[in-house]
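Scroll down for the structure; my scribbles are underneath it.
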Amino acid sequence: MPTELIAVLDFGGQYSHLITRRIRECEVYSELLPYTTPARKLLELKAKGIVLSGGPSSVYDDNAPKCDLELFKLGIPVLGICYGLHLMVQMLGGRVKATNRREYGKTELEIKNTSDLFCGVEQKLISWMSHGDYADVLPVGFEIIASSENCSAAAIREPTKRLFGVQFHPEVSHTEEGIQIIRNFTNTICGCSRSWTPRSIIDTAVQRIRSEVGEGKILSAVSGGIDSTTTAVLVRQAVGDRLSCIFVNHGLLRKGEESKIPVMLEGLKLNVQCVDASKRFLERLKGVSDPEEKRKIIGEEFIKVFDEESAKLGKFECLAQGTLYPDVIESAGTGSPASRIKSHHNVGGIPEWSTFRIIEPLKLLYKDEVRRIAKELGIPDSIVRAHPFPGPGLAVRIMGEVTGEKLQICREASAIVEDVLTRRELYDTVWQAFAIVGDDLAVGVLGDQRKLGHMVTVRIVKSLDGMTADWVRLSEDIMEEISNRISGEVPNVTWVSYSITSKPPSTIEPC
């Protein structure tokens, strides 16, 4: 465990984990903890700073979540963000009220004091607001250090106790100089060193794996993606030949991956066993339209395959998975006040009857952190730079039931999207690019005849970490090429559309 910690107390905000990710971007270790964590526990953890996250509640609501009042008396710097600011104000004797005009989206801030939290920041900057409450009366000793048009107390501080609050979200990429504001808090105000590096992450992960696995054998699920591959390489460093890997073709892979991935993994000496389970997965998905049910079925079927292979290879007690922070966040794991967005197959889909002890070396990491440690581990660039691909595969890019026709359309259309972006040298500039197909049909004209065919939606987004995302503005000629190729090369497609919804309010994957 790193010797320095910034503790983020989670009040259920959609950006709670993003705060920890931004702090780590400053090369400082941060961990998300329940908002009920007592002050004495924070002392035991040797926290050098505390962040109170945003959240969906109002502090004057019945049963609104509250932290331990004693944490404000520890002498440790505290930063309250949005709900965290309101909570600090109310608990220390101020007053919070509902606004007459809510602030959502990009809002201009005027900085009034640049001595600490806003050191090195421009006097005016664009911030990301998302609130319906405001600090009407500040506690004794607090002062305003930034304002917006509709919120006079957009940022506050109590300088002698090193207590700070911001109404906006510095962790969101839409806030200009947000990372500088966070760095000012973590590195300057809290005095943390820049010790959270790829090498330290690897060393910590290897030690934890050894401790969790003990002297036993371990299976690792590998899909050819960066998360599962990095997991397997870390496990191999920790336990050596006691690792065996399983690659499962569930019939929902991208075009050609069932033959490419085993070859790619061979070079990493991971002792990979390949299992073609495509028929059983597709059979179980017949007649299933609900996205949550599809994810759970796929997760359960994966565990069944691993259990069967474990029996063949010699019983394994542990199963390693490439679960990341976002998987846990969106699945709203136990103890989180956040709303469930979707159950990821490797989180919500693990059946209760499973006897595997699950090992998840990356579950506290974000995708960008995984990419950095993958490079440090020497994992090939072709894996490191590949776009994220969901564990349930094309099943979550097919709206409604997974049928053979829709599966072929989704696979072929997605391959065209990736091919066009690769040839146009745009593949590495975007986060994800794929096609979506559902049950909606539209009339087209093919071969001078009326044709009722499927509608395909192309989804291309840019992101830093997958927590937020924006749709990519393509040039007209690229959009035209994608459309012409999909409608011309993929059977039974008559319409092609382009998704222009960001995350939030949407998610990146459609279901």
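The values are calculated or read from the model by the stated rules, or taken from the named source; none is laboratory data. In this text the structure is predicted, and so the values were computed from the model without any measurement. Positions of Cβ are generated from backbone atoms using ideal geometry, with glycine treated the same way; all protein chains shown enter the neighbour counts.
At-a-glance table
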{"item": "All positions within the range 202-215 that are buried (at least 17 other Cβ atoms within 10 Å of the Cβ) and small (Gly, Ala, Ser)", "result": "205"}
{"item": "Residue among 393, 400 that alone is among the small types (Gly, Ala, Ser) and surrounded by fewer than 18 Cβ atoms within 10 Å (Cβ to Cβ)", "result": "400"}
{"item": "Filter result for residue 464 (in the same structural domain as residue 414 (by TED's automatic domain parsing) and over 30 Å from residue 13 (Cβ atoms))", "result": "no"}
{"item": "Residues that are surrounded by 20 or more Cβ atoms within 10 Å (Cβ to Cβ) and either more than 14 Å from residue 162 (Cβ to Cβ) or modelled with pLDDT under 90 (or both), drawn from the range 185-201", "result": "196, 201"}
{"item": "Matching residues in the range 308-324 - criterion: being within 31 Å of the chain's Cα centre (by Cα) and either among the hydrophobic types (A, V, I, L, M, F, W, C) or not assigned by TED's automatic domain parsing to the domain that holds residue 248 (or both)", "result": "316, 318, 319, 320, 324"}
{"item": "Members of the range 117-132 that are buried (at least 21 other Cβ atoms within 10 Å of the Cβ), at pLDDT 90 or above and in contact with a His (Cβ under 8 Å, 6 or more places away or on another chain)", "result": "127"}
{"item": "Total residues in the range 159-192, condition over 21 Å from residue 134 (Cβ atoms), of a type in the set (A, V, I, L, M, F, W, C) and not in a loop (DSSP other than H, G, I, E, B)", "result": "4"}
{"item": "Of all residues making up the range 33-84, the number that are β-branched (Val, Ile, Thr) and over 22 Å from residue 23 (Cα atoms)", "result": "1"}
{"item": "Counted residues, the range 304-326 - those being in a helix (DSSP H, G or I), out of contact with any strand residue (DSSP E or B) (no Cβ under 8 Å at 6 or more places or on another chain) and surrounded by fewer than 22 Cβ atoms within 10 Å (Cβ to Cβ)", "result": "6"}
{"item": "Answer from 337, 388, 351 - the residue that is modelled with pLDDT under 75 and within 22 Å of residue 20 (Cα to Cα)", "result": "337"}
{"item": "Residue match in the range 420-436 (condition: of a type outside the set (Lys, Arg), farther than 25 Å from residue 327 by Cβ, out of contact with any strand residue (DSSP E or B) (no Cβ under 7 Å at 6 or more places or on another chain) and touching a residue at least 60 places away in the same chain (Cβ under 8 Å))", "result": "yes"}
{"item": "Close pairs (6 angstrom Cβ cut-off, 6 or more residues apart or separate chains): on the phi < 0 side of the Ramachandran plot in the range 194-223, in a loop (DSSP other than H, G, I, E, B) and not aromatic (Phe, Trp, Tyr) anywhere", "result": "194/27; 196/27; 196/28; 205/361; 209/361; 216/317; 221/321"}
{"item": "Long-range neighbours under 6 Å by Cβ, at least six apart or interchain, first residue among the charged types (D, E, K, R) within the range 154-183, second part of a loop (DSSP other than H, G, I, E, B)", "result": "158/141; 158/142; 162/77; 171/15; 177/121; 183/26"}
{"item": "Selection count, the range 493-511, where residues are at pLDDT below 95 and of a type outside the set (Ser, Thr, Tyr)", "result": "7"}
{"item": "Members of the range 76-95 found to be assigned to a strand (DSSP E or B) and within 30 Å of the chain's Cα centre (by Cα), listed by number", "result": "78, 79, 80, 81"}
{"item": "From the options 164, 168, 142, 185, residue that is among the aromatic types (Phe, Trp, Tyr) and in contact with a Lys or Arg (Cβ under 6 Å, 6 or more places away or on another chain)", "result": "164"}
{"item": "Residue 449, sole failed condition from (1) more than 22 Å from the chain's Cα centre (by Cα); (2) in contact (Cβ under 8 Å) with a residue 40 or more places away in the chain", "result": "(2)"}
{"item": "Hits in the range 224-237 (condition: among the small types (Gly, Ala, Ser) and buried (at least 23 other Cβ atoms within 10 Å of the Cβ))", "result": "228, 232"}
{"item": "Options 363, 342: the member that is at pLDDT below 85 and assigned to a loop (DSSP other than H, G, I, E, B)", "result": "342"}
